[in-house]
Structures are given as C-alpha cells and as structure tokens.
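What follows is calculated from the coordinates using simple rules that are stated; it is not laboratory data. Note that the structure is a prediction, hence the values are computed from the model and not measured. Cβ atoms come from the backbone with ideal geometry, glycine included; neighbour counts cover every protein chain shown.
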Amino acid sequence: MSIPLTTPRSARPPAPSAGDTESRAWLRDLGSPGPSREDAAARLHALLLKAAGIEVRRRARAHPHLRGDDLDDLALQAADDALMSILARLDTFRGESRFTTWAYKFALLEAAVKVRKRAWQGREIPLDEPDWSRVADPGSRPHEASERRELLDAVREGIAVALTAHQRDVLLALAVNGAPIDVLAERLGTTRGALYKTLHDARARLRAHLAARGLDPRAAEGSP
C-alpha cells in the first residue's frame, strides 16, 4: 500500500517513558521521512492486519453470511484505514501505554466498523415505530400496566409532535431499531458526531414533553 512520505511539523509526539525503548523507536521511525518510515509503516501494517483479522472473525460470528474472502478483505481494509489514522495522529500518542497497544485500538475500531457496515450492506434501515403493545410488560399489575401505557402513549405522542422529522428518523433507527450509528451516518451522508448530537437533542425534547405532561422523564429510560 502507498504510505504518505511527509509528516506534519506538528507531529512531534512527547517521548514515552524512559524504559519504553520500543515505543520510542516506533515514533522515531514513523516520524522520519524516507526508507525508515516505509519499513516501520510496513511492519506496523502487518501487526494491525493480524489484530484486525482476529477482531473481524470474532465479530463475524454474529453474522454467518460473512465468511472467507469477505473477512480477509474486511481485515485488510481495517488495517489500511487504521494505519492512515495512526500516521495522522502520531502527535496524540502520550506514552501512557506501549505504542503497539495504542495502535491496536485503531485496528479494533476499524474492524468493528467494517464488519457492521458489511453486515448491513443491502439492508434497509428500519424507521418505523415499534409495536407499542409489545413494549408493555404483560406481567405488570393492573395499576402498573396502566401507568406504563400512559407513559408509552406520551412517548409515542412526543415522537410524533415534539421531534423534527430528522430527529424522529435518527431516534427510531438508533435507539429503537438498533441500526449501527456508523452505518446510518454513511447512508445519510453525515458523521457519527452529528448523529450523536441529533439523538441527544431528540431525547432532550422527549424528556421535556414528558415533564410537561406531569410524567417523570426518568421512567422512560427503558423507552426510546
């Protein structure tokens, strides 16, 4: 794979602890243009590929339709993207762990994202409201069931009247129907951060809607 040959001037990470010679060597080689950087990047990529491969296969157990070449391709994509992220963030390494331990986290994150996206490839993200009758606890006492129905009615009303169309779609997709946030971000052409903000605002509006009707917003924590 092609490795960027230049390192930003700002990429001058603080030195790791005195005893961590391995981490210092990684930072020195990855931060130095030329053959040393190419060699270090290739070695790091091999480590990331191994970590990503293990994580991809672990997560793929929940998705039996993913197998063989699919998993190898996902692991390679994860390692490629993890390496690019690491090279762009060398200045954020604080030496609080070994460099390779810090780097592995990028591979694990990318592997998780890649598996979720591939598992949802070709699938529609459900935006429908749930069957609210199934949300109520059938084992509740009559007065508890009545209170639960009142709360769910208020939640359903709040989703319909207190949220914008975008907030409603994001809330139902993420909090109700369990769509992965990175998949939804890709489908909507936005970012995870923007969706987290939308979800936060939607929940805040729902809590305000419940409070205005004399209901305890905390009682809806199990609802959307």
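What the table below lists for this structure:
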read-out: Neighbour net charge for I86 - beta-carbon separation under 13 angstrom, K R +1, D E -1; value: -1
read-out: For region 29-41, Karplus couplings with θ = phi - 60° (6.51, -1.76, 1.60), whole Hz, Gly/Pro x; value: 6, 6, x, 10, x, x, x, 4, 5, 4, 5, 5, 5
read-out: Unit charges on C-beta of K, R, D, E only; dipole of region 52-111, Debye; value: 360 debye
read-out: Local net charge near R192, Cβ-Cβ under 13 Å (Lys/Arg +1, Asp/Glu -1); value: +2
read-out: Residue (of A40, Q77, L109) at the positive-pole extreme of region 21-119, dipole from beta-carbon charges; value: L109
read-out: Relative exposure of H45, H166, judged by other C-beta atoms within 10 Å (fewest first); value: H166, H45
